[in-house]
1. Can you go through 53, 122, 89 and tell me which one is part of a helix (DSSP H, G or I) and more than 16 Å from ligand 1 (Cβ to nearest atom)?
2. Only one of these is open to solvent by 70 Å² or more (accessible area, probe 1.4 Å) and either among the aliphatic types (A, V, I, L, M) or in a helix (DSSP H, G or I) (or both): 38, 76, 34. Name it.
3. Out of 71, 109, 10, 64, report the one residue that is out of contact with any helix residue (DSSP H, G or I) (no Cβ under 7 Å at 6 or more places or on another chain) and aliphatic (A, V, I, L, M).
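The values are calculated or read from the model by the stated rules, or taken from the named source; none is laboratory data. The shown structure was predicted, so the numbers you read here are calculated from the model rather than taken from an experiment. Quick reminder, even Gly has a Cβ in these numbers, built from the backbone with ideal geometry, and neighbours come from all protein chains shown. With ligands, DNA and RNA removed, areas are computed over all heavy atoms of the protein, side chains included. Shrake-Rupley method; radii C 1.70, N 1.55, O 1.52, S 1.80 Å.
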Amino acid sequence: MKTAVDKKLLAERMASFPELCLRAGIRVTHQRTEVYREVAATLEHPDADSIYRRVRRRIPQISLDTVYRTLGLFGEKGIISRVSYPGDRARFDGNTGQHHHFICTKCGLIRDFRSDALDAVRPRLKNVPCGRITSVQIELRGLCRRCARA
Ligand SMILES: [Zn+2]
Ligand SMILES: [Zn+2]
């Protein structure tokens, strides 16, 4: 299964990074750029530890703590999004556009997919007890192809 985003999309994401930081009011640093690159380059929705391992290949002196803080900052500023996976660590997503998630309940694989049918799902409610609804993201769970074959 494909794990890397298209080169063209990655180039677009990297080109937009300084603008995203500017809008978020944060400085562009080499470390932040490399942390962003790892999230932006993959379809895997990695957790902080795997991002740390990948960034360390290029910046051996970076600390796990810095990676955690950077991911937290990016999440807070909407530069990347956080995906919660029940009972697991936070996972991070370079795709901040409208999309839905498929989650494999066996191996924890998380993949994006687009669906006009799911985009069209509109709750009849405008509000729920905890707040006002502004968008809908649907999370589908099941077994990925590999786990289903096993
Ligand atoms: Zn699976
Ligand atoms: Zn996603």
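1. 53
2. None of the other options fit; the residue is 76.
3. That would be 109, the only listed residue that is out of contact with any helix residue (DSSP H, G or I) (no Cβ under 7 Å at 6 or more places or on another chain) and aliphatic (A, V, I, L, M).
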